[in-house]
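Structure, as structure tokens:
None of the figures in this text is laboratory data; all of them are computed from the coordinates on show. Fair warning: this is a prediction, and the values are worked out from it, not measured in the lab. Every residue, glycine among them, receives a Cβ derived from its backbone with ideal geometry; neighbour counts consider all protein chains shown.
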Amino acid sequence: MENKKEKIEATAHHVEMQQETRSELIKKSEDLFNLPVKPQEVQTITLPSGKVAVIGIFKGKHIREATRTADGESDKMIFALIAMTTTIDGKKIVWEDLDEMDGRDVLKIQGAFSSNF
């Protein structure tokens, strides 16, 4: 029982240290570049066709899943990531939908993704 308690305390301490380290890195980044580090936000864009795309917040796990879905092919990976995180006029899409969309709309969405990096 004592061993379990020690493991729980060690884990809690580790999590606390990670949070402190993350906070320190953000502060150093703000100081170094004199820019605040902002969390990712939901992005709404009006496409050339007049449709509205909403790009949701995504994390590393989404990028990993998109890479896996695209079999590591970078040209397919961005389509997979867009499909996983974007709605068009309130509807979920699949990457094949992007293949059939107006090219100007696709480029506008891709541009919005690029501006996140």
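For K92, K76, what ranking results if the residue with the fewest other Cβ atoms within 10 Å of its Cβ goes first?
K92, K76
Taking the charge dipole of the range 43-114 about its Cα centre, with +1 at Lys and Arg Cβ atoms and -1 at Asp and Glu Cβ atoms, the residue from Q110, I57, S74 reaching farthest to the positive side is I57.
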